[in-house]
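Okay, structure first, notes after.
Just so it is clear, none of the values below were taken in a lab; they were calculated from the coordinates. All of these numbers come straight from a predicted model, not from anything done at the bench. Neighbour counts run over all protein chains shown; Cβ positions are idealised from the backbone, glycine included.
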């Protein structure tokens, strides 16, 4: 009788172990991260000055990076960095200039969604579908007293805010997500022209 109970117990433990291994393997398959297929880049710069009425000026650099994955999804990262300053002329009239710069902060926005790809004559056309997730980060700077962070897929009460400015993840996504947009990449350089990702694009 003892041998019978021992055999039953051994079989039960083996079956449970097999089920657990199968379950973990299945979880591993569903949680496997998509593989990166390619990465493309673009950059642009804007310069604003109030000269000659004022000596104020501002330089903004914009960088876009598109990562595409083997599950037909993309991640578009848009980084914007601004510096401003006052242009002062040397009183000796030698023409020398002294510039002071103020950090106007940096914003980084990640857009996630699905994409379609076509390729012809070395040119790659990516159709980025309207984002289904947006992650936004802004650093503290001369014009922003505090850093901010939003993630529509991991929304918190702190992100929602309070009072009339309160918002849901869905509302924030609607305010940030651009419509479908096409991007043409030069396959020889992996570069593309800076694309408009404004909500009204």
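Anisotropy class assigned to segment 133-186 is oblate, per the alpha carbon gyration tensor with a/c at or over the 1.5 cut-off and a/b no larger than b/c. Along its three principal directions, the equivalent ellipsoid of segment 104-201 from the Cα gyration tensor extends over semi-axes of 31, 17, 10 Å, largest first. A Förster radius of 41 Å, combined with the Cβ-Cβ distance separating residue 123 from residue 155, puts the computed FRET efficiency at roughly 0.60.
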